[in-house]
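Read the figures in this text as sums done on the coordinates, not as results from a lab. All values derive from a computational prediction rather than experimental measurement. Because the Cβ atoms are built from the backbone with ideal geometry, glycine has one as well, and the counts that use them run over all protein chains shown.
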Amino acid sequence: MNFEFNEEQMMLKDSIVKWAQDNYSFEQRAVSRNNDEGFSRKHWATFAELGWLSVPFAEEYGGYGGGVVDLAAITQEFGKVLITEPITPTLILFGGALSASVDDNVKTQLIPQIIEGGLLGALAVYEPQSRFDVSNIKTSATASGDVYVLTGSKSVVLGGGVADQLLVLARTSGEQNDETGLSLFLVDANANGVTRSPYELMDGQRAADINFDNAVGQLVSELDQAYEPLMNVIETASVAMCAEASGIMETLNRTTVEYTKTRKQFGVPISSFQALQHRMVDTFMAYEQVKSLLVGTLCELSDENTSVLRASKVVAALRTLVAKNGKLIGDEAIQLHGGMGLTDELTVGHYVKRMMMINLMFGNADFYQDKFNQLSYGQS
Amino acid sequence: MNNSFSAADLDFQQQVRAFFEIEFTPELRARANDGRDVKGVAVEWQKKLYAKGWVAPGWPKELGGTGWTPVQKFIFETERCNAGAPDVVPFGLKMVAPVIIHFGNDEQKARFLPRILKSEDWWCQGYSEPGSGSDLAALQTKAEKDGDHYVVNGAKIWTTYAQYADWIFCLVRTGNFEKRQQGISFVLIDMKSKGVTVNPIHSIDNHHSLNEVVFDNVRVPVENLIGQEHQGWTYAKALLAHERTSIAEVSNSKRNLAEIIELAKQQTNHKGRLIDDPHFQQRLSDIEIELMALEYMDLRVLASMSAGDTPGPEASLLKIKGTEIQQALQELRMETIGAYSASLRVDEFQNELHREGSSSRKEYMYGRAATIYGGSNEVQRNVIAKAVLGL
């Protein structure tokens, strides 16, 4: 039994901490965050040089061969400094879906480009009517000679504005809401028939609504069978985001405790008030719960004996806990900072907004708790 | 990162499981559940554990302990809970014995430890007083030296099973110093001594386990003092850090949760099976998800203990979360059974649901104690605030 990151993972984490200390202060971050693309291409090139972009990819494509634990190791550190560079859209979502693809030529061609920092991608799944349901897909793909043509709309595609390539979930057969009949297509983001409307999200990340009007796509999954592999990608991404959230929670709690020690009211530091101390203990415990369930989830997902059902149940539990405890920690961080917690100048609000974003990705607390209930106690 | 036990540990788990299967007989289980013969059941069960050499996993091997690793102790506790077997009564084996072992002299060890090991003496704990609960250092029970005796006057309260006890271990005030924690001594008092009175306290579960123990000029031989005079506080604190492996009671709670799910499959409400009610499912998973987190919290502490670390404020965290979850489960169990929980006593005219309901309510009522005893959860929060957050 061992719940610690191993030596290599610690080195990976240390390299992120060290880089961030020199290059990613809150002020430095604001500069790249506020440019047109919402991140720094220079930093992205550095990430490639430092090998971070190779972490989740198989060795045969030039990757580091990392698993979900390695991914969590790095996203936890990225969470602590609120990286706005497109790690989640390119590396975890696009990269994850690409790795799950059955088209080896595409993988051989594209994965090395991601690792080198030359390719940005996005995964386009959800549609205006989908909410959190991956099977609720109307975008259609029709065979036309060697390729397919796609028509439909995708909403809030993370990193969709800057992406060079898109992986798009589309319906090749069946009815809307059918899990079978969905396939994954590689679409050039600048191809004819692709219209992108990019915008900024509350946490500084960028997304786009994307319209496909007879856009040409290349099938990269088994025909009609993309649902399950994509759900696995989302599951892994979920855990990576929960690791990121744990880094955010730790930072919020630390910042809040430090603040209450310096802020004086009624002639004393407000940290001397027991009412506030107990609230900070509760947020500390909320973080410890998340940290514990996170390492538990990482262990279970890395264990080949874990059943698919159990894995889904643990991930659903983790996402529910992260959503609930993340909200508690965020709310308390703002409350204990008083009026200053409302200012854009302090870091607190920025961490809270990223946490809110994470809790909206793929499903919120209610969605995941409902999923947990179904998996544990049967259909309600 | 991995959460699996070694092959040797899995082998040990099989041995432990087999032991409980054979030794915790249906007859003993029935008497344990019935709850009327607390002492008889405890003594009989502890003697079986003693015969196997497993009654005192926390003791050094040469004194009758098992020499188990933290993981083995954890496995033993888990299997015990899964089997539904009772824990040993802690006052002798888990509370006073470690203090005697660490701070007592050879004569005291020879006199008390073998009898504790064989369950020949029943012990109770004399810490809390009417005026001293969470603020233990405020204790007032006085012990004044008179020749080769101490003369003890005062009262202890919330003394569990004092009505059965042969001995009580007490914190008493032997001197007044600037620091209140000084001047407290750790003494062992024979319950048969002249001047000891046990007054029962009936609790809200309609049961008698708690007592007040009054000392009126009780003469205690000085050889019953453990360690140095005035240093008792240090010993008591050292004891609190002991036996932390199962504080969260994860296995008990997992068992309770599984039983609640089974009960909810049998219960129906106006819409069908209770287990299918989304509102009920939500309440269940609110608890189950926290319990999953607690289990890994517990295992993390176990892993760090296996690596040689002593648990510090993590114990407070496990205590708070563990007891909150226990209480939430007790409440849900009672509500799962519904109106039968109102049943006051169980007699032969009533059906299985009456028995289930009555015992669930009883556990719910007495379960309120869990967030109060062993340092109230508010005191535990103070501990975390100071130790972890530096507040």
Fill in: Values of log10 I(q)/I(0), in the order q = 0.11 Å⁻¹, for chain A under a Debye, Cα-only, solvent-free model
-0.78
Response to the item:
Taking the range B:32-133, the equivalent ellipsoid from its C-alpha gyration tensor has semi-axes in Å, biggest first, of 22, 20, 14
Item to complete: Can you figure out the FRET efficiency of A:Leu309 with B:Glu21, using R₀ = 35 Å and their beta-carbon distance, to the nearest 0.05?
Response: 0.80
Worksheet item: Which of the GluC sites (Glu not before Pro) found in the range A:148-225 are in a DSSP loop and have at most 14 neighbouring Cβ atoms, other than their own, within 10 Å?
Response: A:Glu175, A:Glu222
Practice prompt. Go ahead and estimate [θ] at 222 nm for the protein assembly as shown from helices alone: -39,500 (n - 2.57) per DSSP H run with n ≥ 4, summed, over the residue count, rounded to 500.
Written response: -15500 deg cm²/dmol
Worksheet entry | Kirkwood hydrodynamic radius of the range B:7-88, Cα pairs, Å | 13.2
Worksheet item: So what's Rg/Rh here for the protein assembly as shown, counting alpha carbon atoms and using the Kirkwood radius for Rh?
Response: 1.04
Worksheet item: Which trypsin sites (Lys or Arg not before Pro) from the range B:45-144 combine a DSSP loop assignment with at most 16 other Cβ atoms within 10 Å?
Response: B:Lys118
Worksheet item: Relative to the compact globular guide of 2.2 N^0.38 Å, what is the alpha carbon radius of gyration of the range A:228-377, as a ratio?
Response: 1.16
Worksheet item: In the range A:228-377, what is the count of Lys pairs whose alpha carbons are under 18 Å apart, counting only pairs at least 8 residues apart or on separate chains?
Response: 8
Item to complete: For chain B, list log₁₀ I(q)/I(0) at each q in 0.07, 0.09 Å⁻¹, using the Debye formula over Cα point scatterers of equal strength and ignoring solvent, two decimals each.
Response: -0.35, -0.59
Practice prompt. Within chain B, what's the longest run with no chymotrypsin sites (Phe, Trp or Tyr not before Pro) in a DSSP loop and at most 11 other beta-carbon atoms within 10 Å? Give the range, please.
Written response: B:1-176
Response to the item:
Per DSSP, the loop-located GluC sites (Glu not before Pro) within the range A:269-371 having at most 10 other beta carbons within 10 Å are A:Glu304, A:Glu345
Fill in: At 0.692 mPa s and 37 °C, Stokes diffusion of the range B:289-391 via Kirkwood alpha-carbon radius, µm² per second
209
Discussion item. Can you divide the C-alpha Rg of the range A:37-162 by 2.2 N^0.38 Å and report the result to two decimal places?
Written reply: 1.14
Worksheet item: Expressed in whole Å with the largest first, what are the equivalent ellipsoid semi-axes of the range B:102-141 derived from the C-alpha gyration tensor as the square root of 5 times each eigenvalue?
Response: 28, 13, 7
Worksheet item: How large is the charge dipole for chain B, taken about the Cα centre, if only the Cβ atoms of Lys, Arg (+1) and Asp, Glu (-1) carry charge, to the nearest 20 debye?
Response: 360
Fill in: Proxy reagent accessibility, fewest Cβ within 10 Å first, across B:His202, A:His278
B:His202, A:His278
Response to the item:
Once normalised by the length of chain A, the mean sequence separation of its alpha carbon contacts under 8 Å that are 6 or more apart gives a contact order in percent of 15
Practice prompt. May I ask for the angle, rounded to the nearest 10°, between helix B:250-266 and the longest principal axis of chain B, with both axes built from Cα atoms and the value confined to 0 to 90°?
Written response: 30
Worksheet item: Other chains' Cβ within 10 Å of B:378-388 residues: what's the mean?
Response: 4
Worksheet item: So what's the range A:122-225 giving for Cα Rg divided by 2.2 N^0.38 Å, two decimals?
Response: 1.00
